[in-house]
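The values are calculated or read from the model by the stated rules, or taken from the named source; none is laboratory data. Since this is a predicted model, take the numbers as computed values, not measurements. Please note: Cβ atoms are built from the backbone with ideal geometry, for glycine as well, and neighbour counts cover all protein chains shown.
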């Protein structure tokens, strides 16, 4: 499920797995329409392996970015203790995002 939230005059979304854990967080968007386009971009690009960027933070933890085909970051993961955890996170986005609904939360 995607959760669309408004903070001040901006919007952002998160993708949650079936267990309620956040697996992907977006940047801030100036409008609801832009945030909805971001959700559509996640759904469209998550199956393309070239859109995934795997990273290691300075503290040694692992995270990923999902990028659109024009290389803009659409969403970023949480930090994972292991590389295998990060890969499971990517698999979870690939599994959950394409058919996920959108719920607006305050």
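Quick notes
- Selection status of residue 58, at pLDDT 95 or above and over 22 Å from residue 89 (Cα atoms): no
- Annotation: of all residues in the stretch 61-72 being under 12 Å from the mean Cα position of the chain (by Cα) and at pLDDT 95 or above, the one that is surrounded by the most Cβ atoms within 10 Å (Cβ to Cβ) is 66.
- Hits in the stretch 73-100 (condition: surrounded by 13 or more Cβ atoms within 10 Å (Cβ to Cβ) and in contact with a helix residue (DSSP H, G or I) (Cβ under 8 Å, 6 or more places away or on another chain)): 74, 75, 77, 78, 80, 93, 97, 100
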